[in-house]
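The values are calculated or read from the model by the stated rules, or taken from the named source; none is laboratory data. Since this is a predicted model, take the numbers as computed values, not measurements. Virtual Cβ from ideal backbone geometry, glycine too; neighbours counted across all protein chains shown. What goes into the accessible areas is simple: the full protein's heavy atoms, side chains included, and nothing from ligands, DNA or RNA. Shrake-Rupley method; radii C 1.70, N 1.55, O 1.52, S 1.80 Å.
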Amino acid sequence: MARKRKKRVEEETQHAAWAVPYGDLVTLLFAFFVVLYAVSSVNEGKYRVLSSTLFTEFNGQKPKGSAPGSAPEAIATVRASAAASSAPDSHAIFADTAVVTRKQAEEIARSQAESQALDKVASDVSTAMADLIKSNLVVVRRKGTAIEVEIRTDILFPSGSATLSPTAVGVIRKLSQTLVSLPNPVRVEGHTDSQPIDTTAFPSNWELSSARAASVVHVIANSGIDPARLSVIGRSQYSPAQPNTTAAGRNANRRVLIAILPPGNPDPGASPAPANAHAMPPATPVAAAQ
């Protein structure tokens, strides 16, 4: 009789052995789905705490003070982390994303408006100076966020001088009339060729290029444009448009460049000189109005 009772107990024990791994599996699955819910709204700091808790629990490394078989405590931690990382933070993330998207849209719209305004400036300038553009004495081009009006010194100054000719004064005033009503800052750059100069008035090409740019700025300012919008840069011979090895190249390098900048843009200084003047790409002129 005792033998039968012992055998019955052993059989019951063997039949119930499946409950232990099954219970562990259910616990792990529950924890897994809770984790999926928790990470659906990610908070980086809380996610790290949650990840650390699960790692220690699933690898059998119990925190100090925890009792063996403390899976319910780990699940409680998971639930707390999930609750703490849910709605408020997700709303904040969506709100931040909406703000960023709105700012990007405003920036794109502002950039497009500035681009359209500069295109209109280029068109107006090209119309005002159409005859000189056809004669290849003036080039109007779009360069980045600026409009550049390049005027050959052939029609501006006598050789070695910074005094504008009467014809040049009329040209500059005509250009200024298209800029009076605009808010755009204007930067004037003087450029020379590489031929040295050493006179009392101009000991070098630095003085000559600066003086020529200043002469142009005086005419622009006297045409009604706010002087606070104007700036002058003398570039000497160090930003050539073409190689100085030929007469034609030197003639092209003797020029005054008027840069019309975007509204609200303070004078950022002249663009850097090209590293290799021979490799400088040709300008793309804006077609003059017929």
Give just the number: which of (1) at pLDDT 90 or above; (2) open to solvent by 40 Å² or more (accessible area, probe 1.4 Å) does residue 241 not satisfy? (2)
For the stretch 182-198, name all the residues that are touching a helix residue (DSSP H, G or I) at 6+ places or on another chain (Cβ under 9 Å) and either free of Cβ contacts under 8 Å to residues at least 12 places away in the same chain or among the β-branched types (Val, Ile, Thr) (or both). 186, 188, 192, 196, 197
Being under 27 Å from residue 249 (Cβ atoms) and in a strand (DSSP E or B) is the filter; apply it to the stretch 213-239 and report the residue that is farthest from the chain's Cα centre (by Cα). 234
For residue 199, indicate whether it is farther than 26 Å from residue 125 by Cα and either open to solvent by 30 Å² or more (accessible area, probe 1.4 Å) or of a type outside the set (A, V, I, L, M, F, W, C) (or both). yes
Which numbered condition in (1) part of a helix (DSSP H, G or I); (2) in contact with a strand residue (DSSP E or B) (Cβ under 9 Å, 6 or more places away or on another chain); (3) among the acidic types (Asp, Glu) is the only one that residue 148 fails? (1)
Only one of 209, 236, 215 that is at positive phi, at pLDDT 90 or above and either in contact with a helix residue (DSSP H, G or I) (Cβ under 9 Å, 6 or more places away or on another chain) or open to solvent by less than 70 Å² (accessible area, probe 1.4 Å) (or both): 236
Working only within the stretch 98-130, note down all residues that are over 31 Å from the mean Cα position of the chain (by Cα) and at pLDDT 85 or above. 127, 130
Across (1) assigned to a loop (DSSP other than H, G, I, E, B); (2) closer than 19 Å to residue 260 by Cα; (3) among the aliphatic types (A, V, I, L, M), residue 197 clears everything bar (2)
Criterion: in contact with a Pro (Cβ under 8 Å, 6 or more places away or on another chain) and within 17 Å of residue 159 (Cα to Cα) - qualifying residue of 194, 231, 209: 194
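Quick grid of which residues meet (1) polar (S, T, N, Q); (2) open to solvent by 70 Å² or more (accessible area, probe 1.4 Å); (3) over 19 Å from residue 226 (Cα atoms):
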residue	(1), (2), (3)
115	yes, no, yes
125	no, no, no
128	no, no, yes
134	no, yes, yes
139	no, no, yes
154	no, yes, yes
159	yes, yes, yes
176	yes, no, no
180	no, no, no
